Structure formats: structure tokens, C-alpha cells
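Below: one structure, written as C-alpha cells.
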Amino acid sequence: MRKVALVGAGVSKFGVRKASYRDLIWEAGKACFDATPAVKPKDVEGLVVGSVLPERTAFQSHISSMAAEALGIRPSVLSARTEHMCASGTVGIRYAYAFIAAGLADLVMVLGVEKLNQPTGDEAILNMGTGVDREWEAAFGLTAPPCFALAAQRHIAAYGTTEEQLAMVGVKNHTHAAKNPTAHFQKGATLDQVLCSRMISTPLRLFMCSPITDGAAAVLVASEDRARDLTDRPVWIRGTGQALDGFQLTSLHEDYAHWPALERAGRAAYRMAGVTAGDVDVAEVHDCFAIAELIAYEELGFCRKGEAGPFVAHGRSDYGGDVVVNPRGGLIGCGHPLGATGVAQAAEVFAQLRGEAGARQVLDAAVGLTHNNSGMGEHVVMIYGREDR
Amino acid sequence: MPYFRATDPFPLESADHTKLHEFYARLAAGRLATTRCAGCRRLAWPPRAFCGECGSDRFDWTDLSGEGTIHAFTVQEAGLPAGFDGPRVFAIVKIDGLRVFSILVGAEPSKVAIGQPVRVSPLRVADDPDGNARWLPAFCPA
Ligand SMILES: [Zn+2]
């Protein structure tokens, strides 16, 4: 297989946006092309768009062609949309990676976009129910928060994890987001604010949850030869893994504090990259809820099973610790525009490994990881390197 | 307003719309049932019309006991979809060796506990566009 690298990235402002679905595509595309002056839209051979709900939120399908036209891209080798709920963006990056590694393409844009907020807030939440099983779960009113709340309940019962430790994930990620001009939230948060915020689904409070956010992000993915032509600092895709435990809640591991598919996806990615958890300098993990970040530390091997609470409490996942987790602010701080999230995670690692992350820069970051999930049972992990091996 | 499938949150339960209509017919009579594969005899939850283990699409309907215990639960207080009131108790119920996802109705949320006995309590929801009653397999304290 050929080597593959990221050569450009751009992110729109995330938030409750006074913007259309197409506006968000324009913003992320412009940000990415502006940051990559060597690439013009007509140079891009392929486009993969990660997007979950445009049929419901913009009454629009046929997404990849619509986005290509909006950006002036004329795909000659690849045009596709990826829909894999919350991990759609990273799944799109994997498709671009596979096409390029196989020699079928040399330069592909992956764009993630979601316009979740609607004129009435009720509709946005109703739409989120499409991500769980309609007949056996969503018909009862299930959306994501109770699923992850069940995992939090189990982690508390099995390992003595505390509400304060869950809250510290919220504090850390809101604090990081305050240094990210594209984040949904910019004000930071104190432990008291998180612990006193409204209860959403026991034991998860508002500031332990990602909000409903509009946004888009784009990355340019290139073959080795093209990457070296376009930039002197490509960020290499070193490894990738994806694994599935199940779709319905009752298909998953009986103990919701265990996410075996994440462990498998991480192991596959580490093996392919030739690195271990201890080599990772910066990680963008899928903190849709605080408990998800804690379980990710464990399943990705940053700490042992059950020790994620003390790990965050002792600052080991923050600047100066073992690994800086979610320097851009994570999903809790940046928001979670479903299809855009995985691409925005890649954009952050791209900036970090090039030393371009400004106030958020992780000192001498050489190996970066992204983790994107679709519920508790489906996980995608990418490993990026400043060096190609 | 004409009926739109895209804004109806409930399954279409009649024989015109699903191979699993027998599940809903039995539920309307107060019985919780599921499928047993006619090929390999595996009991499934939820019911299914194709067996991924043996490849058979033949199945028999089997009534479950209707009584189980709470394996895990959470109380959602805010952020529920329109039309679904909170606080809402979401639970995993263990019943006849199966894990069933559902909601607990008729319970004081602060009194719900792991291990608590519960029984099936069919919940009537909005009629389908042809005026047929629709039911979901909810549970209540036993
Ligand atoms: Zn079978």
C-alpha cells in the first residue's frame, strides 16, 4: 500500500449558526483551501462527505455532488457520502485513505457537515432519535444521553468513579475550548458550574454533555508523492482501525462500562502504526458525554481499566500530563455536528503535529490519535504521525 | 395534516407493514412474545425474521414469562424528544435470560432500583394512519 498524508485542513465556526447547510460547506471549504494555497478546487480528484441528517435537516440528499458543485470540485475518481452516525467523518477519512493507499486516487477532500439546529429546538432532538433503533429503542423516546448514562452508572458502581471526576472532563474540555476560536463554547467552566448544571440523564449533567451544534470541517488527503509536492510538513496516516460490538443497546457487552470494540479498534490502529498508547502525545477522543472520554482512556490504553477517574483528576490527560486529550475542546466544548466531528478531530491533530495549534499547541507533538464513535458499540481510531514511520 | 412516515416516531405494526406483526398482536393482548429460529432454535431479542447464525428465515413465536428484573436504568429529566415526557425511566430488563430495552411506567423515578422485579405493561401509543391501535412493550413495577 502507498503512504497517505493529510496536507490541508480547515474548520468552520461551530455553534448555533445563522447559516444554511450549504453556507457551512462553503465555510469549511474556504478555510481548508485558504490554508492550503498549493491546492485549488480543480486539483481535487475526489470528494467524500460525512453527513448524517441532511434529509431531515435540509431536506436534501445527493450530498456529495451538491457539495462538490458548491466548492468547484469536479470529482474524477471518487465521489461519495458516508453516513455512520456520529463517526461519519472519520469513516469518510478511512475511505479516502483506502482509495489513495490502493493507488486509485492522489488527492481527495473529506468534508464533514451538519446543520442540526432548526427553527424549533424540538425538531433537532427528534432527529437525533434516528441514530438508535427506531422500532425497539427510539419509539420509547431514546436518544444518546440515556445510553451513555447507563455506562456512567456502571462505571460509578464498578470502579467508584465519582461525579466530580466526570465533571472534571467537562471542566477540562470547556477550558480547552476557550482557546479555540471555532468552538461552540468559549467561556470555560468551573467544577461548581459543571456539578450544578441541569441534570440531563442521571448521572450526566448538562456540562458533561456535548450540545446540538452546526458546523463543518474539511481535510485534504494525498498520496506520498503528491503530499511531498504540496507541503514540507505532511501529517501521515500511520494506522487505522474500526470495530463493532453491536447496534442495539442489548447487543452490546452486558456491562456498559466495557467497550471491547474500542479496545479492538485501538489495538488494530496501534499495530498498523507501530506505536503504543504511551507514544501518543495528543488525542482527540469522542467525548460526546464525559463518561465516553473516561472509558476511552481505558480502552485506548492510556490507563488501566477502572482508573480513568483518577487519571483525569490528577491532570494526566491535560497539558503537562501523559497525553493531552481533546486540546481543541472535544465534543463537549466544540459541539458535535455529527458528520463534521471526526473531520474536525483530524484537523486538530493536523495542526498539532505541524506545530500550528497556537495557544493550544501540545509541546513537540509527534504522534496523534483520533477516536470517533457511533454509540457505545461502534468505534473508529486513526493514528497520525509527524514522521512517516 | 396528511400522514408522513418521517415524523411518525412509532413503528407500523400491522401485517401490511411488517413480518413481526404477530409480536404486536400478542402485545395488544397483554403478552410479551419473541421469535425462536426454526433452523437452530435460538431465542432472539428483539424478534427477527432472519437468523444470522444459521441463515434461516423461518421462525416460531414464543411467549415470554412477562416478568423480569431491572439490570440497569437511568432517569432522563431533560432533553427528551418532542412528544416524550420526562422524567423518563429507561431500563434494561432481564427476562427469561434475555436483555430487553424498555421504559418503566407507573414508577416513582427515585424509587427505581437495580434488581427490582418488573412485568410487561403494554403501552398504547398513537394509532397508525389506518386507525389501528399501536402498542409498545413497556414495563411497570411487579
Ligand atoms: Zn437460526
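The values are calculated or read from the model by the stated rules, or taken from the named source; none is laboratory data. All of these numbers come straight from a predicted model, not from anything done at the bench. As a convention, Cβ positions derive from the backbone with ideal geometry for all residues, glycine included, and neighbour counts pool all protein chains shown. Just the protein is used for accessible areas: all its heavy atoms, side chains included, with ligands, DNA and RNA removed. Shrake-Rupley method; radii C 1.70, N 1.55, O 1.52, S 1.80 Å.
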- prompt: Taking the stated definitions as given, is B:Ala142 under 16 Å from the mean Cα position of the chain (by Cα), more than 13 Å from every other protein chain (Cβ to nearest Cβ) and open to solvent by 10 Å² or more (accessible area, probe 1.4 Å)?
  reply: no
A:Ala347 vs. criteria more than 15 Å from the chain's Cα centre (by Cα) and assigned to a helix (DSSP H, G or I): no
Filtered residue count, the stretch A:35-61, keeping only those that are more than 14 Å from chain B (Cβ to nearest Cβ), under 16 Å from A:Val343 (Cβ atoms) and not hydrophobic (A, V, I, L, M, F, W, C): 4
- line: Per the filter on the stretch A:173-189, residues over 8 Å from A:Gly329 (Cα atoms) and open to solvent by less than 70 Å² (accessible area, probe 1.4 Å) are A:Thr182, A:His184, A:Gly188, A:Ala189
message: Could you tell me how many of the residues in the stretch B:1-49 are closer than 22 Å to A:Gly129 by Cα and within 14 Å of chain A (Cβ to nearest Cβ)?
response: 18
- request: Return the residue satisfying two criteria in turn: it lies in the stretch A:215-244 and is among the charged types (D, E, K, R) and crowded, with 19+ Cβ neighbours inside 10 Å, and of such residues it is nearest to A:Leu78 (Cα to Cα).
  value: A:Arg226
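For every residue, the table says whether it meets (1) within 14 Å of chain A (Cβ to nearest Cβ); (2) within 18 Å of the chain's Cα centre (by Cα); (3) without any contact (Cβ under 8 Å) to a residue 40 or more places away in the chain.
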{"position": "B:Cys51", "(1), (2), (3)": "no, no, yes"}
{"position": "B:Gly55", "(1), (2), (3)": "no, no, yes"}
{"position": "B:Phe59", "(1), (2), (3)": "no, no, yes"}
{"position": "B:Thr62", "(1), (2), (3)": "no, yes, yes"}
{"position": "B:Val93", "(1), (2), (3)": "yes, yes, no"}
{"position": "B:Asp96", "(1), (2), (3)": "yes, yes, no"}
{"position": "B:Val105", "(1), (2), (3)": "yes, yes, yes"}
query: In the stretch B:116-131, how many residues are open to solvent by 40 Å² or more (accessible area, probe 1.4 Å) and in a strand (DSSP E or B)?
result: 4
statement: Across (1) facing chain B (nearest Cβ under 8 Å); (2) touching a Lys or Arg at 6+ places or on another chain (Cβ under 7 Å); (3) among the small types (Gly, Ala, Ser), A:Ala178 clears everything bar (1)
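For the stretch B:65-81, which residues satisfy the criterion of being within 14 Å of chain A (Cβ to nearest Cβ) and open to solvent by 20 Å² or more (accessible area, probe 1.4 Å)? Working first, answer last.
So the first thing to find is which residues in the stretch B:65-81 are within 14 Å of chain A (Cβ to nearest Cβ), and the list is B:68-81.
Correct list: B:Thr69, B:His71, B:Phe73, B:Glu77, B:Gly79, B:Leu80.
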query: Any idea how many residues of the stretch A:205-229 are closer than 28 Å to A:Ala70 by Cα and in a strand (DSSP E or B)?
result: 10
- prompt: How many residues are among the hydrophobic types (A, V, I, L, M, F, W, C), without any contact (Cβ under 8 Å) to a residue 12 or more places away in the chain and assigned to a helix (DSSP H, G or I) if we restrict to the stretch A:190-204?
  reply: 1
field: Filter pass, A:Asp232 being acidic (Asp, Glu) and closer than 30 Å to A:Ala138 by Cβ
entry: no
- prompt: Applying the selection to the stretch B:34-49, what residues are open to solvent by 60 Å² or more (accessible area, probe 1.4 Å) and under 15 Å from the mean Cα position of the chain (by Cα)?
  reply: B:Arg48
query: Does any residue of the stretch A:24-31 turn out to be within 24 Å of A:Gly131 (Cβ to Cβ), basic (Lys, Arg) and assigned by TED's automatic domain parsing to the domain that holds A:Leu104?
result: no
- prompt: Given A:Asp133, A:Asp214, which one is within 11 Å of chain B (Cβ to nearest Cβ) and over 19 Å from B:Pro109 (Cβ atoms)?
  reply: A:Asp133
